[in-house]
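Read-outs: derived from the displayed coordinates by stated rules, not from any lab. Given the structure is predicted, the values throughout are model-derived calculations rather than measurements. Here the Cβ is made from the backbone with ideal geometry for all residues, glycine too, and neighbour counts use every protein chain on show.
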Amino acid sequence: MIYYNIGGITVRDLEPDDPKKIFDAQTAQGWHPDIKVYEKRLSDAKEGKITALAADLDGCYAGHVNIFWHPKYGPFRDDGIPMIVDFAVLEKYQRRGIGRALMDTAEDIAANRADAVCLAVGMHSGYGAAQRLYIKRGYIPDGSGIWYDGRQWPQYEGGIVNDDELMIWLKKEFRR
């Protein structure tokens, strides 16, 4: 299904050939993707567990985002709040409205089924642009502090590093 198609940007459901496209494109820009993750996203979407979206610019894969309808971890897992996962836009396509189109679409889809949506964002500077983007879009910290490797980290407990597993949770409520 196509959800958005304006100015050469298309946001659509993930398709069977997308895992390879995502893998190849992310590898080409120096990321270290696991194709099995994207294959799993595709199968989870077919089962209705998630909504997996891809964005194209002028027919070329440019980014993706997923909505997990029943998160298995995080502070909102038992609250019926869907979670946005794996929001990514290839570097060569950033600042062209693709991220906005993906997030607008994901939030619109989530708003049709829930009163809010959540996400987790990394704490190191590599996530600085994403942190600012989410705040500008109306996401606010949930107040549970930092999480590491999928669990809330207690105050005064050491043993964590500032890597991709160190996160803070944010939530956006939809106006009804």
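Looking at the range 10-101, which GluC sites (Glu not before Pro) are in a loop (DSSP not H, G, I, E or B) and have at most 16 other Cβ atoms within 10 Å?
E47
Could you tell me the distance between the Cα centroids of the range 67-89 and the range 1-29, to the nearest Å?
21
To make sure I understand, if each residue's beta carbon is the centre and we count other beta carbons within 10 Å, what order do I140, I22, I9, I109 fall in, fewest to most?
In order of increasing Cβ crowding within 10 Å: I140, I109, I9, I22.
Of the cross-linked pairs K72/K172; K40/K171; K36/K92; K21/K171; K49/K92; K92/K136, which ones have a Cα-Cα span greater than 27 Å in the structure shown?
K21/K171; K49/K92
Which ³J(HN,Hα) values in Hz, rounded to whole numbers, follow from the phi angles of the range 81-92 under the Karplus curve 6.51 cos²θ - 1.76 cosθ + 1.60, where θ = phi - 60° and Gly and Pro get x?
9, x, 10, 7, 9, 6, 6, 8, 10, 4, 4, 5
Going by how many other beta carbons lie within 10 Å of each one, how would you line up D18, D24, D86, fewest first?
Fewest to most other Cβ atoms nearby, the residues stand as D24, D86, D18.
What distance in nm lies between label points placed 7 Å from Cα along the C-beta direction at R96 and D78?
According to this spin-label approximation, the distance is 4.5 nm.
Can you report the principal axis dimensions of the range 61-103 using only the alpha carbons, biggest first, rounded to whole angstrom?
37, 15, 13
How much length is gained on full extension from A130 to D104, taking 0.36 nm per residue of separation minus their Cα-Cα distance?
Residue separation times 0.36 nm, minus the Cα-Cα distance, leaves 7.9 nm.
For a test of the definition: using alpha carbon positions, the gyration tensor, and the 1.5 limit on a/c, classify the range 16-100 as rounded, prolate or oblate.
The shape class here is prolate.
How about the range 34-99: which trypsin sites (Lys or Arg not before Pro) there are in a DSSP loop, with at most 10 other Cβ atoms within 10 Å of their Cβ?
In loop regions of the range 34-99 (DSSP not H, G, I, E or B), the sparsely surrounded trypsin sites (Lys or Arg not before Pro) are K72, R95.
Determine by what factor the alpha-carbon radius of gyration of the range 62-137 differs from 2.2 N^0.38 Å, reporting the quotient.
1.11
For the pair Q152/D115, report the inter-label distance in nm, with labels modelled 7 Å from Cα in the Cβ direction.
2.0
I'm a student and want to see the number: the projected area of the Cα convex hull of the chain, averaged over all directions, in nm².
If you wrap the Cα atoms of the chain in a convex hull and average its projections, you get 10.5 nm².
So between N5 and K46, what do we pick up on full extension, going 0.36 nm a residue minus the alpha carbon distance?
Difference between extended and current length: 12.5 nm.
For the chain, what is the charge dipole size about the Cα centre, in debye to the nearest 20, if Lys and Arg each add +1 at the Cβ and Asp and Glu each add -1 at the Cβ?
For the chain, the charge dipole is close to 460 debye.
In the range 100-176, which chymotrypsin sites (Phe, Trp or Tyr not before Pro) are in a loop and have at most 16 other Cβ atoms within 10 Å, using DSSP for the loop call?
Loop-located and lightly packed - Y156, F174.
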